[in-house]
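What follows is a single structure, written as structure tokens, with notes after it.
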Amino acid sequence: MVSVQGFAQNFEEKVDSLMNLMTLQEKIGQTVMYGGSYDQTGPIVGADNGKFIREGNMGAMLNAMSVKGTRDLQKVALEETRLGIPLLFGYDVIHGHRTIFPINLGLAASWDLKMVEESSRIAAEEASAEGIHWTFAPMVDISREPRWGRISEGAGEDVYLGSQIAKAYVKGFQGNDLSQPNTILACAKHYVAYGAAQAGRDYHTTNMSEGELRNVYLPPFKATVDAGVETFMSAFNELNGVPTSGNKFTLRDILRKEWKFEGFVVSDYTSINEMILHGFAKDSIDATRIGMNAGVDMDMMGEVYRKHLKTLVEEGRVSEQYINEACKRILLAKYKLGLFDDPYSYIDEQRENTTKYKPEFLAKAREIAAASSVLLQNKNHALPLFNELKSIAFIGPLVKDESEIIGNWAAKGDREGKAVSVFEGVSEYLKPNQILYAKGCEILKDDESGFNEAVSVSKKADEIVLVMGEGHHMSGEAASRSNLKIPGIQPKLIKKIREANPNKKIILVLMNGRPINLSDEVNLVDAILEVWFPGTMGGAATADLLFGKVNPSGKLTVTFPRNVGQVPIYYNMKNTGRPIPENNSNEDYKSNYIDVPNSPLFVFGHGLSYTNFEYSALKLSTNQLTFSDSITASVDITNTGNMDGHEIAQLYLHDKVGSVTRPIKELKGFQKIFLKKGESKTLTFTISVEDLKFYNNEMKYAVEPGEFEIAITPSSNFKFKHGFQLK
Ligand code: NOJ
């Protein structure tokens, strides 16, 4: 938890004395969240907010927005209730509030923890200036499922990187002192394993061994606890037959007992009620009992705690102790935010008017969007572009777009009039007569009437930039896809343009919220720049990259498959007893496909630069590690190309033999460095025994002696050459 040393006692005493005055129903009231009307992501249950507040039947609200809106509601809570307990206002501030940063999967591709923290700090500044105390972020679900729309909201497939990023978000949102009105509570969600939804369908069943849960899906959540996160959100999915919003094992045994989490847990939107449809609770009373007994402190939008908890306590089916604990945790959060000292501290018109879209926020957003983009392919140095060209054709439904570019779930980021489109961005680099434009088609519609114009424009230009991809609604919640291709008739247009221009440079700028199957496009275009949904300054950042003002440095944090049939595919798989031979020769009875290679199209950790980096001289301080020791590994990296640039060096380990089988490689460290052209640096990493631990079959987090392999490389595509022994 954020440091409250010296005050903890004081807060606790205050909460205890307040709770002495509260009736059971008032305590239950604190565990109830209703919604305002700003953004809804589920059914509206019960709507009489004023009445519920007056009766002391509401502790928190989501989607209540703005200084005026929150002031009106807070006033009712303070002046018209018996005890005047302030409300808590929560909102989904996911990748920016007004100033929108790249979607989270994009931001992760920067591998830049400082940028993650800076972006969530700015988001907290802007959100808190509009009355918000609490964000439902970060989403720290590991996902290896590109079909799942919500893969866009997370940091990708890797446990280690995901855990580091999770911590950085928490630090950014919560700052160092929660009582300052520019900090907000963070919420680690969706606890847990939501990212492993079967077949990538949202809200679907998850089933996995406890070992997999502990080794892969839990660590980023644990990292947020270590970083002091104040709240958790239980998820929609069931896990091994038990819905996670009624899962005593994950909520009480792991989160409370093992991890000693002291903040409060909110359900996801009506996820307590949904236990009825899961077939786990027989009715809403039963769901209430299960939810509270399992350890969900607050009911988001379900209305069941308000309606049933009191009776359940009176009948002895829910212990009053649980209500006291939940209420106390929620009140403590309000104390920490300073709401008991000044309930209007987040309600300041002047701050609201002057905080959004500050020039320095926009400048940061531009820098971060550029760092988040990944240069997937760059045949014959097709990029960067040179602005001395006579003309460049910009073609595609996303060239002039100012709405999709800010991505899904963009809080209060304006979809009109604020975002810089790619067209506007490149206009900084080119004169109007150098820019040719055709939309060509829509993202999803199958109307080809714009093709002719697009083809003829493409023929007139020296080079061609296609700006295409998904619409923002095609990823995020309830937006799973079974097909990972660039949607609609866009692929057909790409083909037509290539046919009409067999020898011209074609660049594809891609916006999307998930890994896309680019198997055809890699052969049709020269360069592919993955910009995700890059946010408010996305077009400017894209132009900076296209024209080489900024050298691309992002690297994938999720694997891009060759086709959907390879899914799930991720870099840290197990070997199997029949792996394909190292030389990839086609042998029978091996673990492979008969119609596609095992390898993905783009591996985890992949990302090109306009310069080249050479890795050499990997050295280990010893090749014998003892249990009390650590090893330092160093490598020399030289920028051998013609441009300054950032490189993300990745350290992978392989535990060769274990009491349970171990992944073929695991990321255990990384460093992002800047090297001027011609410059060399030696990077040093320290590996301790702690880095070698995993949950074994007895669910012990332990390290086993034996042989390990190690590499420091530019991506996860490599073969180990070095190793050490742990004795
Ligand atoms: C449902 C989503 O799953 C969750 O991520 C979000 O925070 C809530 N709705 C509130 O909007």
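The values are calculated or read from the model by the stated rules, or taken from the named source; none is laboratory data. These numbers come from a predicted model, not from an experiment. Cβ placement follows ideal geometry from the backbone for every residue including glycine, while neighbour counts extend to all protein chains displayed. Remember, those area values only see protein heavy atoms, side chains included, never the ligands or the DNA or RNA. Shrake-Rupley method; radii C 1.70, N 1.55, O 1.52, S 1.80 Å.
One table, with the values for the structure above:
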{"quantity": "Leading residue by the ranking (nearest to the chain's Cα centre (by Cα)) among those in the range 150-179 that are within 16 Å of the ligand (Cβ to nearest atom) and more than 26 Å from LEU337 (Cβ to Cβ)", "calculated": "GLY154"}
{"quantity": "Subset of the range 290-308 [assigned to a loop (DSSP other than H, G, I, E, B) and either more than 16 Å from the ligand (Cβ to nearest atom) or surrounded by fewer than 24 Cβ atoms within 10 Å (Cβ to Cβ) (or both)]", "calculated": "GLY295, GLU303"}
{"quantity": "Residue that is nearest to the ligand (Cβ to nearest atom), among those in the range 187-224 that are of a type in the set (S, T, N, Q) and assigned to a helix (DSSP H, G or I)", "calculated": "THR224"}
{"quantity": "GLU125 being within 12 Å of the ligand (Cβ to nearest atom) and either open to solvent by 10 Å² or more (accessible area, probe 1.4 Å) or touching a helix residue (DSSP H, G or I) at 6+ places or on another chain (Cβ under 8 Å) (or both)", "calculated": "no"}
{"quantity": "Residue among SER179, SER163 that alone is surrounded by fewer than 24 Cβ atoms within 10 Å (Cβ to Cβ) and part of a helix (DSSP H, G or I)", "calculated": "SER163"}
{"quantity": "From the options ILE142, ILE100, ILE132, ILE184, residue that is within 13 Å of the ligand (Cβ to nearest atom) and open to solvent by less than 10 Å² (accessible area, probe 1.4 Å)", "calculated": "ILE132"}
{"quantity": "Exclusive hit being modelled with pLDDT of 95 or more, on the phi < 0 side of the Ramachandran plot, open to solvent by less than 10 Å² (accessible area, probe 1.4 Å) and hydrophobic (A, V, I, L, M, F, W, C), set PHE280, PHE264", "calculated": "PHE264"}
{"quantity": "Residue under evaluation ASN572, criteria (1) farther than 21 Å from LEU529 by Cβ; (2) assigned to a loop (DSSP other than H, G, I, E, B); (3) open to solvent by 70 Å² or more (accessible area, probe 1.4 Å), criterion not met", "calculated": "(3)"}
{"quantity": "Pairs, first closer than 11 Å to LEU398 by Cα in the range 421-449, second open to solvent by 70 Å² or more (accessible area, probe 1.4 Å) and of a type in the set (Ser, Thr, Tyr), C-beta under 9 Å, six or more apart", "calculated": "CYS441/SER449"}
{"quantity": "Among the candidates GLU402, GLU424, residue that is of a type in the set (Asp, Glu) and crowded, with 20+ Cβ neighbours inside 10 Å", "calculated": "GLU402"}
{"quantity": "Hits in the range 107-122 (condition: surrounded by 24 or more Cβ atoms within 10 Å (Cβ to Cβ) and more than 16 Å from the ligand (Cβ to nearest atom))", "calculated": "LEU107, ALA108, ALA109, SER110, TRP111, VAL116, SER119, ILE122"}
{"quantity": "Odd one out for GLU707, checked against (1) open to solvent by 30 Å² or more (accessible area, probe 1.4 Å); (2) in contact (Cβ under 8 Å) with a residue 60 or more places away in the chain", "calculated": "(2)"}
{"quantity": "Lone qualifier among ASN483, ASN452 - being touching a helix residue (DSSP H, G or I) at 6+ places or on another chain (Cβ under 7 Å), over 17 Å from SER391 (Cα atoms) and either hydroxyl-bearing (Ser, Thr, Tyr) or open to solvent by 40 Å² or more (accessible area, probe 1.4 Å) (or both)", "calculated": "ASN483"}
{"quantity": "Output for the range 60-86, where each listed residue is in a loop (DSSP other than H, G, I, E, B) and within 16 Å of the ligand (Cβ to nearest atom)", "calculated": "ASN63, ALA64, MET65"}
{"quantity": "Count - residues of the range 196-227 that are open to solvent by 10 Å² or more (accessible area, probe 1.4 Å) and either free of Cβ contacts under 8 Å to residues at least 24 places away in the same chain or not hydroxyl-bearing (Ser, Thr, Tyr) (or both)", "calculated": "20"}
{"quantity": "Any chance GLU230 is surrounded by fewer than 19 Cβ atoms within 10 Å (Cβ to Cβ), among the charged types (D, E, K, R) and more than 12 Å from the ligand (Cβ to nearest atom)", "calculated": "no"}
{"quantity": "Qualifying strands (runs of 3 or more DSSP E) (wholly inside the range 597-704; at least 1 residues being open to solvent by 50 Å² or more (accessible area, probe 1.4 Å) and closer than 24 Å to PHE724 by Cα)", "calculated": "613-620, 630-639, 666-675, 680-688"}
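Quick grid of which residues meet (1) touching a strand residue (DSSP E or B) at 6+ places or on another chain (Cβ under 7 Å); (2) of a type in the set (A, V, I, L, M, F, W, C); (3) more than 17 Å from VAL265 (Cα to Cα):
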position	(1), (2), (3)
ASP202	no, no, yes
THR206	yes, no, yes
SER209	no, no, yes
LEU213	no, yes, yes
TYR217	no, no, yes
LYS222	no, no, no
ASP226	no, no, no
ALA235	yes, yes, no
GLY246	no, no, no
